Amino acid sequence: MPVIEIDPDRSRATAEAAEEQLADIAKFETQLGRYLSGDLDEDAFRVFRLNNGIYGQRQGGTSQMVRVKAPWGGVTAEQLDLFARLADDYSRGWGHITTRQNIQFHFVELTRVPDLLRELASVGLTSREACGDTVRNVQGCHLAGACPHEVLDITAWAEAAHRHFLRNPLGQRLPRKFKINFSGCATDCGQAMFNDAGVIASSRTLDNGTVEAGFKVFVAGGLGANPHPALLLEPFTAKEDLMPTLEAILRVFEQTGNRKNKLRARLKWVVDELGWETLQDRILTIRKFLVASSSWPGGVPTVVNEWGDDPAGRGTGEITPVGQSGVPVAIRGTTPQARWEQSNVVRGAAKGTVSAYAWARLGDITSAQFRALASIQREFNADVRFTNRQNLVYRDLTEEQLPLLYERLAAIDMAEAGAELSRDVVACPGADTCNLAVTQSRGLAAAIGEALEAAGLADVPGVRTNISGCTNSCGQHHAFDIGFYGAERRAHGRSAPGYQMLLGGYVGDESITFAERALRLPAKNAPEAVVRVIGRYANERDAGETFHMWLARNGGAGEVGATLADLDVFPEPSVDESYYVDFGETGPYEKVLGESECAV
């Protein structure tokens, strides 16, 4: 059994957090024992398990997925080394980066979970509230502190929110999950516009002419089968008001969220039920009087004073537009290294920052890659963060380090050009492990990547493809240029894997445009559909024209989808049986749904 030692040199707050984590693990072990002995009801244990970040898989039995929180995506070399060991000793040799900057390990035996949790605690990590009806992992822009566009470095603010809401009594049994996200500027690399509470750093000019940095807080965004854009709470939120604002939003959700129908329980549905003005008024009223509460989190948090929040710049200097920027990157290099540097390196001139992406195919990292990434982090003395497109970014680099970093990443197959761009297809776990998925979304993502490579289109900039195995949008299919969600199709008396294709999603400029339906098609034809659309965009776009601008110029999703109508055809099974077999499967397709743990 792993032994946890608490460093006496840690701060008092850190030591207290470690003690709380050890208490969590002891409680988990106790409740697990009760469950295995039949003394704890299945439903009660499921809720308890989920609140501790342990998620059941569609395989049933005692195979579990363990979701590890990485607030604002931050990760250390020591933690990367641990992930390698966890992948080998508890899982299947690799881990998975999620679109919310978590790390997941699948096929963990339930009885071994307490030992795994102790391993996590030894390096300051937890799975607590990574699942369930809780405040989930607090996300933050992975370029925070390294982007010349930012108004504030939101890192410490995201950390403050993580610390405040972890184990907070207000968030232990919410009507539904609650997601918080931070971005440092209106570009919104952190994707604040589709979260329950989305925070974007902003500024205002005071009457005396001075500029005050603060925030814009957006409320009640969400994806799923019915996406809702987040709404601006007030024109400007001062620094000292941010944490009370977040707590007020959570309190209103806890009080007004639908506890009878989980399908309509997210904060976005409260807007529909109460109206935006009523919800807005409740939040601001609760914030006003929250100062009387013993939990009032007002003022600038201690961690912000300790870490600082000075920005890398305010639009000064040049930046390679990787990420959510609306300007496509032109990849013209003639060598693999030159192409990698043009597409994967971000320079923030204001502080001389240099950052570079390491590409993780489908968000998967093997144990050998984890160990190599840890070694690279130590060698370059770099800050490393997970991105919300399932990659890693190495920060605090120098120009002189880039050639050697490329060499190190290439040696572990993580130096592909176009990380965060067209080559970088994002998918949820799909029917590989999820109870609700009806298609193998990961298999489709791999097939699309292969098709783009074969067509010479993998380096086309400015197009992002996201895939979900069902309508629930864990793959965020509504929010990006090309989206797919899985659906069962019927053809020639047979069940077959299919997808709905969507086009035109866009997040940025403090707004969000949700992708619209283009057409339905067989799973097997989805890669060809992507090749055709990206091929058209590459050939027809004007200089500097983004994908959603090109799409609008060509009649929108419906018009472009109509040009793909010939792909929505299922041949007779006797002619081509492969249309009736999902990606990565060997037998005939069958829609199999397990009991949902998302809506417990």
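Check whether at least one residue in segment 204-220 is in contact with a Gly (Cβ under 9 Å, 6 or more places away or on another chain) and more than 22 Å from Asp509 (Cα to Cα), and report yes or no.
Initial filter on segment 204-220 (in contact with a Gly (Cβ under 9 Å, 6 or more places away or on another chain)): 204, 216-219.
Then keep just the ones that are more than 22 Å from Asp509 (Cα to Cα); that gives none.
No, segment 204-220 contains no residue that is in contact with a Gly (Cβ under 9 Å, 6 or more places away or on another chain) and more than 22 Å from Asp509 (Cα to Cα).
Being outside any loop (DSSP other than H, G, I, E, B), modelled with pLDDT under 95 and more than 22 Å from Trp340 (Cβ to Cβ): is that true of Ala447 here? Walk me through how you get there before you give the answer.
Numbers: outside any loop (DSSP other than H, G, I, E, B): yes; modelled with pLDDT under 95: no; more than 22 Å from Trp340 (Cβ to Cβ): yes.
It is false that Ala447 is outside any loop (DSSP other than H, G, I, E, B), modelled with pLDDT under 95 and more than 22 Å from Trp340 (Cβ to Cβ).
Here's the yes/no breakdown for (1) surrounded by 15 or more Cβ atoms within 10 Å (Cβ to Cβ); (2) under 21 Å from the mean Cα position of the chain (by Cα); (3) among the basic types (Lys, Arg):
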residue: Leu32; (1), (2), (3): yes, no, no
residue: Leu36; (1), (2), (3): no, no, no
residue: Glu42; (1), (2), (3): no, no, no
residue: Trp72; (1), (2), (3): yes, yes, no
residue: Thr76; (1), (2), (3): yes, yes, no
residue: Leu120; (1), (2), (3): yes, yes, no
On the given criteria, is Glu516 surrounded by fewer than 18 Cβ atoms within 10 Å (Cβ to Cβ), over 30 Å from His149 (Cβ atoms) and not polar (S, T, N, Q)?
-> no
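Against the condition modelled with pLDDT under 95 and closer than 23 Å to Gly352 by Cβ, how does Asp383 come out, does it pass? Please lay out each step first, then the result.
Values: modelled with pLDDT under 95: no; closer than 23 Å to Gly352 by Cβ: yes.
Here the answer is no, as Asp383 does not meet what is asked.
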Got a sec? Which of Tyr579, Tyr589 is in contact with a strand residue (DSSP E or B) (Cβ under 6 Å, 6 or more places away or on another chain), over 25 Å from Gly508 (Cα atoms) and assigned to a loop (DSSP other than H, G, I, E, B)?
-> Tyr589
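Just to be sure before I move on: is His142 crowded, with 21+ Cβ neighbours inside 10 Å, under 27 Å from Tyr506 (Cβ atoms) and touching a helix residue (DSSP H, G or I) at 6+ places or on another chain (Cβ under 6 Å) in the structure I sent? Break it down stepwise before answering.
On the way: crowded, with 21+ Cβ neighbours inside 10 Å: yes; under 27 Å from Tyr506 (Cβ atoms): yes; touching a helix residue (DSSP H, G or I) at 6+ places or on another chain (Cβ under 6 Å): yes.
It is true that His142 is crowded, with 21+ Cβ neighbours inside 10 Å, under 27 Å from Tyr506 (Cβ atoms) and touching a helix residue (DSSP H, G or I) at 6+ places or on another chain (Cβ under 6 Å).
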Test: Glu597 is in a loop (DSSP other than H, G, I, E, B) and either of a type outside the set (Ser, Thr, Tyr) or modelled with pLDDT of 95 or more (or both) = yes
Might you check whether a residue that is touching a residue at least 12 places away in the same chain (Cβ under 8 Å) and more than 24 Å from Gln104 (Cβ to Cβ) occurs anywhere in segment 462-472?
-> yes
Output for Cβ contacts, cut-off 8 Å, separation at least six or different chains, first residue within 19 Å of Arg100 (Cα to Cα) in segment 141-161, second part of a helix (DSSP H, G or I) and acidic (Asp, Glu), reads Ala156/Glu306
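Going by the structure shown, is Ala186 among the aliphatic types (A, V, I, L, M), at pLDDT 95 or above and either closer than 17 Å to Pro244 by Cβ or surrounded by fewer than 24 Cβ atoms within 10 Å (Cβ to Cβ) (or both)?
Details: among the aliphatic types (A, V, I, L, M): yes; at pLDDT 95 or above: no; either closer than 17 Å to Pro244 by Cβ or surrounded by fewer than 24 Cβ atoms within 10 Å (Cβ to Cβ) (or both): yes.
In short, no.
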Of the residues in segment 493-513, those that are within 19 Å of the chain's Cα centre (by Cα) and buried (at least 23 other Cβ atoms within 10 Å of the Cβ) come to Gly505, Val507, Ile512
State whether one or more residues within segment 287-301 are buried (at least 19 other Cβ atoms within 10 Å of the Cβ) and within 26 Å of the chain's Cα centre (by Cα).
-> yes
For segment 519-541, state whether one or more residues are out of contact with any Leu (no Cβ under 7 Å at 6 or more places or on another chain), outside the structural domain of Gly60 (by TED's automatic domain parsing) and in a loop (DSSP other than H, G, I, E, B).
-> yes
Looking only at segment 415-429, decide whether some residue is of a type outside the set (S, T, N, Q), under 24 Å from Gly56 (Cα atoms), under 22 Å from the mean Cα position of the chain (by Cα) and assigned to a loop (DSSP other than H, G, I, E, B).
-> yes
Scanning segment 563-597 for residues that are within 16 Å of Ala437 (Cα to Cα), loosely packed, with under 14 Cβ neighbours inside 10 Å and touching a Lys or Arg at 6+ places or on another chain (Cβ under 8 Å) gives Val592
Qualifying residue in segment 201-213 (condition: modelled with pLDDT under 95, of a type in the set (D, E, K, R) and crowded, with 24+ Cβ neighbours inside 10 Å) = no
Looking only at segment 240-254, and only at residues there that are touching a His at 6+ places or on another chain (Cβ under 9 Å) and within 21 Å of Ala265 (Cα to Cα), the one that is surrounded by the fewest Cβ atoms within 10 Å (Cβ to Cβ) | Glu247
From the list His142, His96, which one is assigned to a loop (DSSP other than H, G, I, E, B) and either touching a Phe, Trp or Tyr at 6+ places or on another chain (Cβ under 9 Å) or at pLDDT 95 or above (or both)?
-> His142
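For the subset of segment 450-459 comprising residues that are outside any helix (DSSP H, G or I) and at pLDDT below 95, which member is surrounded by the fewest Cβ atoms within 10 Å (Cβ to Cβ)?
The residue in question is Gly456.
Inside segment 475-500, can you point out the residues that are assigned to a loop (DSSP other than H, G, I, E, B) and farther than 22 Å from Glu577 by Cα?
Applying the first criterion (assigned to a loop (DSSP other than H, G, I, E, B)) to segment 475-500 yields 475-481, 492-493.
Those that are assigned to a loop (DSSP other than H, G, I, E, B) and farther than 22 Å from Glu577 by Cα: Gly475, Gln476, His477, His478, Ala479, Phe480, Asp481.
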Evaluate the following for Arg490: is it touching a residue at least 12 places away in the same chain (Cβ under 8 Å) and out of contact with any Pro (no Cβ under 7 Å at 6 or more places or on another chain)?
-> no
Per the filter on segment 166-179, residues crowded, with 24+ Cβ neighbours inside 10 Å and of a type in the set (A, V, I, L, M) are none
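What strands (runs of 3 or more DSSP E) lie completely within segment 168-239 and have 2 or more residues being touching a His at 6+ places or on another chain (Cβ under 9 Å)? Don't jump to the end; show me each part of the working.
Numbers: elements: 180-183, 197-205, 211-219.
Output list is empty.
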The number of residues in segment 350-379 that are more than 26 Å from Asp432 (Cα to Cα), in contact (Cβ under 8 Å) with a residue 24 or more places away in the chain, out of contact with any Gly (no Cβ under 7 Å at 6 or more places or on another chain) and surrounded by fewer than 20 Cβ atoms within 10 Å (Cβ to Cβ) is 3
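Each row is one residue, and each column tells you yes or no for (1) without any contact (Cβ under 8 Å) to a residue 60 or more places away in the chain; (2) among the aromatic types (Phe, Trp, Tyr).
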{"site": "Phe484", "(1), (2)": "yes, yes"}
{"site": "Gly504", "(1), (2)": "yes, no"}
{"site": "Lys524", "(1), (2)": "yes, no"}
{"site": "Ile534", "(1), (2)": "no, no"}
{"site": "Asn539", "(1), (2)": "yes, no"}
{"site": "Met549", "(1), (2)": "yes, no"}
{"site": "Val560", "(1), (2)": "yes, no"}
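The values are calculated or read from the model by the stated rules, or taken from the named source; none is laboratory data. Please read these numbers as outputs of a predicted model, since none were measured by experiment. Cβ atoms come from the backbone with ideal geometry, glycine included; neighbour counts cover every protein chain shown.
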